[in-house]
1. Can you tell me which of 32, 71 is surrounded by 12 or more Cβ atoms within 10 Å (Cβ to Cβ) and not in a strand (DSSP E or B)?
2. Which condition does residue 5 not pass, out of (1) loosely packed, with under 12 Cβ neighbours inside 10 Å; (2) touching a strand residue (DSSP E or B) at 6+ places or on another chain (Cβ under 6 Å), if it passes all the others?
3. Being surrounded by 10 or more Cβ atoms within 10 Å (Cβ to Cβ) and either over 13 Å from the mean Cα position of the chain (by Cα) or within 10 Å of residue 19 (Cβ to Cβ) (or both) is the filter here; which residues of region 49-62 pass it?
């Protein structure tokens, strides 16, 4: 029988995800301005994105497009 708490912890992402806006697009290298004000991050992606697109990033990799709107930080 496995530990329910450990199964829940295993479902959580290992690296934090941030939302940012692409400021420079030179596929596969992108510069993303993170919404929380921490600055520019150099990211890579296998999918082509255009400048101005909001995206989720994690471990310097663009994961997927992000929705428009307000961003809230939730600590777990």
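Derivation of every value follows stated rules applied to the coordinates shown; laboratory data play no part. Source: prediction; values computed, not measured. When we count neighbours, we look across all protein chains shown, and the Cβ atoms used for this are built from the backbone with ideal geometry, even at glycine.
1. Values: 32 fails: not in a strand (DSSP E or B).
After ruling out the rest, the residue left standing is 71.
2. (2)
3. Result: 49, 51, 54, 55, 56, 57.
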